[in-house]
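A.B. asks: My questions all concern the structure below.
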Amino acid sequence: MEKTWILIANAERARCFERHAMDHSLTELADFVHPLTHLTNATHAGDLTGAAGKGHGRTGHAGTQFEPHTETRAKERGSFARELAAYLNEGVSGRHCNNLVLIASSPMLGELKPCLNSAAANMLRTSVASDLTSYRGAELKERVDHALRLPD
């Protein structure tokens, strides 16, 4: 029997479903929440964007050189993507599914796909850049069905 896992995700929430081949119904397997509490408690803009540091170049002279700056939110998104990919990788290696589908916000999709191992990447049937995390029930099923009819 074909078992398709569908991961619906954004940077803060993800839900994994199994889609049944007969009626395309969705059964929720897992719900992930990645709270960004330290970001919401930030007291100034430097906390949100990661302030660039002052330093010295290779020569050690008094010049100013700035470290490449990676936004804190992007780091958190990457961490959450690795957590989600580990779940999917484990599901594939445990033969819990035959196919994978990713429906995620564009930034999350870009973080998530490279984190899949080769076996999971081979099981990936389609990926759609869309954030469906706020939908439930029949509306979620309808939107998933619609998203899966769209080309990559």
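A.B. asks: Among the residues of the stretch 106-122, which ones are farther than 14 Å from L88 by Cα and surrounded by fewer than 20 Cβ atoms within 10 Å (Cβ to Cβ)?
C.D. replies: Matches in the stretch 106-122: S106, P107, G110.
A.B. asks: Checking the conditions here, which among A129, A85, A120, A147 is closer than 13 Å to C16 by Cα, touching a residue at least 12 places away in the same chain (Cβ under 8 Å) and among the small types (G, A, S)?
C.D. replies: A85
A.B. asks: From the set of residues in the stretch 141-152 that are of a type in the set (A, V, I, L, M) and surrounded by 15 or more Cβ atoms within 10 Å (Cβ to Cβ), which is modelled with the highest pLDDT?
C.D. replies: Within the stretch 141-152, the match that is modelled with the highest pLDDT is V144.
A.B. asks: Okay, next question. Evaluate the stretch 123-140: report whether one residue or more is surrounded by 15 or more Cβ atoms within 10 Å (Cβ to Cβ), part of a helix (DSSP H, G or I), in contact with a Leu (Cβ under 6 Å, 6 or more places away or on another chain) and of a type in the set (G, A, S).
C.D. replies: no
A.B. asks: Sticking with this structure for a sec: Report, by residue number, each residue of the stretch 20-41 that is within 19 Å of I103 (Cα to Cα) and either part of a strand (DSSP E or B) or at pLDDT below 85 (or both).
C.D. replies: H20, A21, L26, T27, E28, L29, A30, D31, F32, V33
The values are calculated or read from the model by the stated rules, or taken from the named source; none is laboratory data. Since this is a predicted model, take the numbers as computed values, not measurements. Cβ sites come from the backbone with ideal geometry, for glycine too, and all protein chains shown count toward neighbours.
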